[in-house]
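The structure under discussion appears below in the form of structure tokens.
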Amino acid sequence: MLKDILEKLRDKGCKITSQRRVMIQSLLNFDKFPTALELFNDIRETNPEIGLDTVYRNLNLLVDMGIVEQINLPGKDVKVFELTLEAHHHHLVCLSCGEANCLHYCPVNDKELQKAAGSEFQIVGHSLELYGYCSKCRAATREE
């Protein structure tokens, strides 16, 4: 898996640095989507020389290149990150606990989206996060 991601980066003309390699490996190790700080702390266990600014700078580059997706958690001023290993998809985000889960398909019709944007604007991509309450948070609310 790491090899495939590194190949995608090379194909996009990106230099494969040791920091990028360790960041991608760390992202692969997480079960859920980590924050930049969680990623930083994980990487520092084996690479204590890496700085938080390096993590942020490389995350931004990987997001711009389409290798990593940034998911915004509302009301917390926090972002979590996901390697884009699967086909284009979106996320369900709980407003209570902040848990983000994949919606494994895209419900957006690209033709309708372009029609809504008009001819003066060419859409090249989109991101969609659906906000609501997960089953655990809904059950906790019912118990109160």
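The values are calculated or read from the model by the stated rules, or taken from the named source; none is laboratory data. On a predicted model such as this, the values are computed, not experimentally measured, just so you know. Every residue, glycine among them, receives a Cβ derived from its backbone with ideal geometry; neighbour counts consider all protein chains shown.
Taking the condition at pLDDT below 95 and over 26 Å from Arg10 (Cβ atoms), does Leu73 pass? For Leu73, the condition - at pLDDT below 95 and over 26 Å from Arg10 (Cβ atoms) - is met. Mind listing whichever residues of the stretch 97-127 are surrounded by fewer than 15 Cβ atoms within 10 Å (Cβ to Cβ) and among the small types (Gly, Ala, Ser)? Result: Ala116, Ala117, Gly118, Ser119, Gly125, Ser127. Might you check whether a residue that is surrounded by fewer than 18 Cβ atoms within 10 Å (Cβ to Cβ) and at pLDDT below 90 occurs anywhere in the stretch 25-37? Checked the stretch 25-37: at least one residue is surrounded by fewer than 18 Cβ atoms within 10 Å (Cβ to Cβ) and at pLDDT below 90.
Residues in the stretch 88-144 that are of a type outside the set (D, E, K, R), out of contact with any Pro (no Cβ under 8 Å at 6 or more places or on another chain) and assigned to a strand (DSSP E or B): His91, Leu92, Cys94, Ala100, Asn101, Cys102, Leu103, Leu130, Gly132.
Given the criterion touching a strand residue (DSSP E or B) at 6+ places or on another chain (Cβ under 8 Å) and assigned by TED's automatic domain parsing to the domain that holds Lys12, identify the matching residue among Leu39, Leu103.
Details: Leu103 fails: assigned by TED's automatic domain parsing to the domain that holds Lys12.
Answer to the check: Leu39.
Looking across the stretch 46-87, just one residue is assigned to a loop (DSSP other than H, G, I, E, B), surrounded by 15 or more Cβ atoms within 10 Å (Cβ to Cβ) and free of Cβ contacts under 8 Å to residues at least 24 places away in the same chain, and that is Thr84.
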